[in-house]
1. Determine the gain in length on full extension of the stretch PHE8-THR28; use 0.36 nm per residue of separation and subtract their C-alpha separation, reporting nm with one decimal.
2. If I compute solvent accessible area with a 1.4 Å probe over the protein chains, what percent of it on the chain is carbon and sulfur?
3. Provide the per residue accessible area, probe 1.4 Å, for the chain, rounded to a whole number of square angstrom.
4. Can you compute the equivalent ellipsoid semi-axes for the chain, i.e. the square root of 5 times each eigenvalue of the Cα gyration tensor, sorted largest first and rounded to whole Å?
5. When we measure straight from the Cα of LYS52, which lysines land under 21 angstrom away, once same-chain ones fewer than 8 places off are left out?
6. Quick check on the stretch 1-59: what are the equivalent-ellipsoid semi-axes from the Cα gyration tensor, as sqrt(5λ), descending, whole Å?
Amino acid sequence: MKTPIILFFAILSEVIATTALKLSDGFTKIIPSVIVVIGYGASFYLLSISLKVIPIGLAYAIWSGVGIVLTVIAGIIIWRESLDWARVIGIILIILGILVINLFSKITAH
């Protein structure tokens, strides 16, 4: 499997686990709690595989940044969380940071 696809599934697993974390209601609901454990386990495992090729700073910036953006979107869709100006600016800055790292960094995958 190609490394960017592995990283994508690491991010997706993390977002699913984080969403389930809220649904677990403090680990009092069994199915969401199991999803949390499996999701985070899968996410870290897949992230570790991607680190064989992608430098850690780049992989973590993408993993955490995209994960934050997707988690905010999930919160807005699932729980009707509000989207104020601070969130919008924060998300834009995260996306810009990821773009700067990907487009202008001299560090390449090995």
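1. On the way: separation 20, 0.36 × 20 = 7.20 nm, distance 2.93 nm.
That works out to 4.3 nm of additional length.
2. Working: 5440 of 7120 Å².
Here it works out to 76 percent.
3. Numbers: 7120 Å² over 110 residues.
Value returned for the chain: 65 Å² of accessible area per residue.
4. Numbers: eigenvalues 133, 83, 12 Å².
Value: 26, 20, 8 Å, ordered largest first.
5. Straight-line reach from LYS52, under 21 Å: LYS2, LYS106.
6. Numbers: eigenvalues 133, 16, 13 Å².
So the equivalent ellipsoid measures 26, 9, 8 Å along its semi-axes.
The values are calculated or read from the model by the stated rules, or taken from the named source; none is laboratory data. What you are looking at is a predicted structure, and each value in this text was computed from that prediction instead of being measured. What goes into the accessible areas is simple: the full protein's heavy atoms, side chains included, and nothing from ligands, DNA or RNA. Shrake-Rupley method; radii C 1.70, N 1.55, O 1.52, S 1.80 Å.
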